[in-house]
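**Q** Below is the structure I would like to discuss, written out as structure tokens.
The values are calculated or read from the model by the stated rules, or taken from the named source; none is laboratory data. Everything numeric in this text was worked out from a predicted model, so none of it was measured. Here the Cβ positions follow ideal geometry from the backbone for every residue, glycine too, while neighbour counts run over all protein chains shown. Just the protein is used for accessible areas: all its heavy atoms, side chains included, with ligands, DNA and RNA removed. Shrake-Rupley method; radii C 1.70, N 1.55, O 1.52, S 1.80 Å.
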Amino acid sequence: KEFTRSEDIFKLKDAAEINHDAMMHLDVRPEHIITPERIMINLHSETFEQAIAKIVGYLEKMGEVKDASVCVSDIMKRENAVSTCMGEIALPHARTRGVSRFVSVLAVSRNGCTVESKDEKIKIILLSLTSPDFDHPYLQFIAHAAAILTKKENISKIEKAVSASDICKLFNYKKQGA
């Protein structure tokens, strides 16, 4: 199911918190996906679309993207249909032929980037892509990550983080005691 409204993300967030034990059996736990090399701690972009292009470019340099322009286009089509921006957080995602498997990156923009029709700047972007042929429960991953990213204290910690490792700690349930 695709997100249709920001309320859907919060419903998924609640489900992720309730179903943590079930999630342990799937490789969608954020601590397995959000690793230091999957974090861009100093993203500099004026606009949200430029930020998306830079994040996809980062994945391309890592060898994770087959076609960066297809990825950016698919994400922006998805964002134009229904925005995943909530306050200063965005969770852009898409099924795309531009990748062959599930990939995700968390990017932090200290100055924020502008989004058309939004007053607040986006400072934290969790971008996720998956192939339409890859049967990965990526929406569960996004919901699980949303459970972490929507907590104000975690947003503050991410914005103040000096290293990717500092951010990774927020996604490690063992260290959180969950």
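**Q** I'd like the FRET efficiency for Arg110 and Lys152, computed as 1/(1 + (r/R0)^6) with the beta carbon distance as r and R0 of 22 Å, rounded to 0.05.
**A** Working: r = 17 Å, r/R0 = 0.79.
FRET efficiency, Arg110 to Lys152: 0.80.
**Q** Would you mind counting up the charge near Leu43? Only other residues with Cβ under 10 Å from its Cβ, with Lys and Arg at +1 and Asp and Glu at -1. Before the final figure, lay out the partial values.
**A** Numbers: positive: Lys54, Arg110, Lys123; negative: none.
In short, +3.
**Q** For the stretch 42-162, what does the accessible surface come to per residue with a 1.4 Å probe? Please give it in Å². Numbers along the way, then the final one.
**A** Numbers: 5480 Å² over 121 residues.
Computed with neighbouring chains in place, this is 45 Å² per residue.
**Q** Right, here's the next one. Round to a whole number: what % of the accessible area of the stretch 95-178 belongs to carbon and sulfur, probe 1.4 Å?
**A** On the way: 1850 of 3990 Å².
Its accessible area is 46 percent carbon and sulfur atoms.
**Q** For the stretch 130-173, what are Rg and Dmax over the alpha carbons, in angstrom?
**A** When restricted to the Cα atoms of the stretch 130-173, Rg and Dmax are 12.9, 38 Å.
**Q** I would also like to ask the following. Quick check: Cα centre of the stretch 115-163 to Cα centre of the stretch 83-102, how many Å?
**A** 9
**Q** If you don't mind, there's one more thing I want to ask. Using only the alpha carbon atoms of the stretch 38-178, find the Kirkwood hydrodynamic radius as the inverse mean reciprocal pair distance, in angstroms to one decimal.
**A** By the Kirkwood definition, the hydrodynamic radius is 15.2 Å.
**Q** Report the label-to-label distance for Arg97 and Asp133 in nanometres (one decimal), using points 7 Å from each Cα along the Cα→Cβ vector.
**A** 1.1
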